[in-house]
Amino acid sequence: QVQLVESGGGLVQAGGSLRLSCAASGSFSSIDLKAWFRQAPGKQRALVARITPGGSTDYADSVKGRFTISGDGAKNTVSLQMNSLKPEDTAVYYCFLMGRESGRISTIMYWGQGTQVTVSS
C-alpha cells in the first residue's frame, strides 16, 4: 500500500526558510501530479504548489517568488523549498500525489499525514 511520508516541518522566525520533503513508498506505473497543500486553522485545505511529470509548475499567488516545488520522478519524491516565510504561512502542510500504482488499473489520489509549519513574527 502506498504511503506518503513527509518531513521538514517546524518552527521558524519570519523571514526564515524551511524545506519540506515527501517520499512515496511503493512503485508506480505512472504519476500524473505531485503537489503540496496547506490548511490553516479555521480554513479549508488549499493548493500551495503543483508539479507535473514534465516539470511544469504552478503556485498559489500568495507564495509565488518565495516557494519552489521540485520532484524526483525516479525516487517518487517531491519537495517544497520555502523562503521568506511569513506568519500567514503557518499551517499544516500536506503532500499530495496522483498516480497509478504498478499492477493496478485505477488512478488514485494519495495524501501525506501532514507536517506543521509555524512562522513566528
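The values are calculated or read from the model by the stated rules, or taken from the named source; none is laboratory data. Here the structure is a predicted model, which means the values were calculated and not measured. Cβ: placed from backbone, ideal geometry, glycine included. Neighbour counts: every protein chain shown. Please note that ligands, DNA and RNA were not included when accessible areas were found on the heavy atoms of the full protein model with its side chains. Shrake-Rupley method; radii C 1.70, N 1.55, O 1.52, S 1.80 Å.
A few notes on this one:
- Residues of the range 90-113 with amide N under 11 Å of the 7 Å Cα→Cβ point at LYS43: 90-92
- Surface accessible to a 1.4 Å probe, VAL92 within the full protein complex, Å²: 40
- Taking Cβ atoms as reference points and 14 Å as the exclusive limit, the residues near LEU80 contribute a net charge of +2, counting Lys and Arg as +1 and Asp and Glu as -1.
- Solvent-accessible heavy-atom area per residue, rounded to whole Å², over the chain at 1.4 Å: 54
- Largest accessible area first, the residues LEU97, LEU47 order themselves as LEU47, LEU97 under a 1.4 Å probe with ligands, DNA and RNA left out.
- Those residues of the range 1-15 whose amide nitrogen sits under 12 Å from the label point placed on SER84, 7 Å along Cα→Cβ: 15
- Paramagnetic reach from GLN1 (point 7 Å along Cα→Cβ, amide N under 16 Å) across the range 78-105: 101
- Where only alpha carbons of the chain are counted, the Rg and the Dmax (Å): 14.2, 48
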